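Data block below; observations after.
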Ligand SMILES: [Fe+2]
């Protein structure tokens, strides 16, 4: 068990269960019923759709909030979520090999706001380390998309990041033992767009096991793609969001700093 209360700014514990790592959220904290992504859900976006282990990939806890914050959060048009990504390799029958993908999220784009760009998102890494794949495209809905830029953002606990408009984002956990916990603030009034990634069998690159480390491999469904840029999370854009406090608390410290998420 790992107590994440200080890091999250809410009473939250990271606990190990049969279904992989999960969160134990303190009494009195409101949230939606947790949702899980199984490996069967990721079949359409995996390099090897035959991979069948591990079964439970990640748990999502949406709309986490304290009762006293409910009105202010609702009025802001934002939502705060927590996610736990299990470590490990997406492989056949529990036999990980080099070239198999590290555990990852399904990946999605956000839809367009009135201003003509897609909604951004704020992510915080609360525990562990991993990466966000950012795939910048000319048009979210064109198939195949024209990929302008592909960033492998290497992140670790303490990083607070703005995921800009017009990019797909996919979390990856490239290690065998340690889970990654993230929190995010995002506009609540839209549906994430999963099908443009699904139709392309994932992002333009797969992150695969290479010994204890990772390598990237082109997804051949994309006719072209730029070489990935590897960037450290601490060097990534974070606008003028409050520093040194958990993202949950940062919103109440400076709600105006988060308005760009609703009106990009
Ligand atoms: Fe998102």
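The values are calculated or read from the model by the stated rules, or taken from the named source; none is laboratory data. These numbers were taken from a predicted model, which means no experiment stands behind them. As a convention, Cβ positions derive from the backbone with ideal geometry for all residues, glycine included, and neighbour counts pool all protein chains shown.
Taken over segment 147-185, the criterion of being in a strand (DSSP E or B), over 12 Å from the mean Cα position of the chain (by Cα) and either without any contact (Cβ under 8 Å) to a residue 12 or more places away in the chain or away from the ligand (no atom under 16 Å from the Cβ) (or both) is satisfied by 147, 148, 149, 150, 152, 154, 156. Could you tell me whether any residue of segment 108-119 is under 23 Å from residue 258 (Cα atoms), within 16 Å of the chain's Cα centre (by Cα), away from the ligand (no atom under 16 Å from the Cβ) and surrounded by 15 or more Cβ atoms within 10 Å (Cβ to Cβ)? Scanning segment 108-119 turns up no residue that is under 23 Å from residue 258 (Cα atoms), within 16 Å of the chain's Cα centre (by Cα), away from the ligand (no atom under 16 Å from the Cβ) and surrounded by 15 or more Cβ atoms within 10 Å (Cβ to Cβ).
Tell me, which residue of segment 73-84 that is under 16 Å from the mean Cα position of the chain (by Cα) and within 14 Å of the ligand (Cβ to nearest atom) is nearest to residue 131 (Cα to Cα)? The residue in question is 83.
State whether one or more residues within segment 213-233 are outside any strand (DSSP E or B), over 21 Å from residue 144 (Cβ atoms) and modelled with pLDDT of 95 or more. Taking every residue of segment 213-233 in turn, at least one turns out to be outside any strand (DSSP E or B), over 21 Å from residue 144 (Cβ atoms) and modelled with pLDDT of 95 or more. Only one of the numbered conditions (1) touching a strand residue (DSSP E or B) at 6+ places or on another chain (Cβ under 8 Å); (2) exposed (fewer than 14 other Cβ atoms within 10 Å of the Cβ); (3) modelled with pLDDT under 95 is violated by residue 20, and that is (2). Of all residues in segment 192-212, those that are at negative phi have Cβ atoms under 7 Å from Cβ atoms of residues that are part of a helix (DSSP H, G or I) and within 16 Å of the ligand (Cβ to nearest atom), 6 or more apart or on another chain, in 197/45; 198/45; 203/197.
Of the residues screened, residue 92 is one that is without any contact (Cβ under 8 Å) to a residue 60 or more places away in the chain, within 20 Å of residue 210 (Cβ to Cβ), touching a strand residue (DSSP E or B) at 6+ places or on another chain (Cβ under 8 Å) and away from the ligand (no atom under 16 Å from the Cβ). Does any residue of segment 121-138 turn out to be within 14 Å of the ligand (Cβ to nearest atom), surrounded by 14 or more Cβ atoms within 10 Å (Cβ to Cβ) and not in a strand (DSSP E or B)? So far as segment 121-138 goes, no, none of its residues is within 14 Å of the ligand (Cβ to nearest atom), surrounded by 14 or more Cβ atoms within 10 Å (Cβ to Cβ) and not in a strand (DSSP E or B).
Conditions (1) more than 25 Å from residue 141 (Cβ to Cβ); (2) surrounded by fewer than 19 Cβ atoms within 10 Å (Cβ to Cβ), marked per residue:
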| residue | (1), (2) |
| --- | --- |
| 195 | no, yes |
| 201 | no, yes |
| 209 | yes, no |
| 212 | yes, yes |
| 218 | no, yes |
| 223 | no, yes |
| 226 | no, yes |
| 237 | no, yes |
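For segment 46-53, does any single residue satisfy the condition of being under 24 Å from residue 186 (Cα atoms), free of Cβ contacts under 8 Å to residues at least 40 places away in the same chain and out of contact with any strand residue (DSSP E or B) (no Cβ under 9 Å at 6 or more places or on another chain)? The answer is no; no qualifying residue exists.
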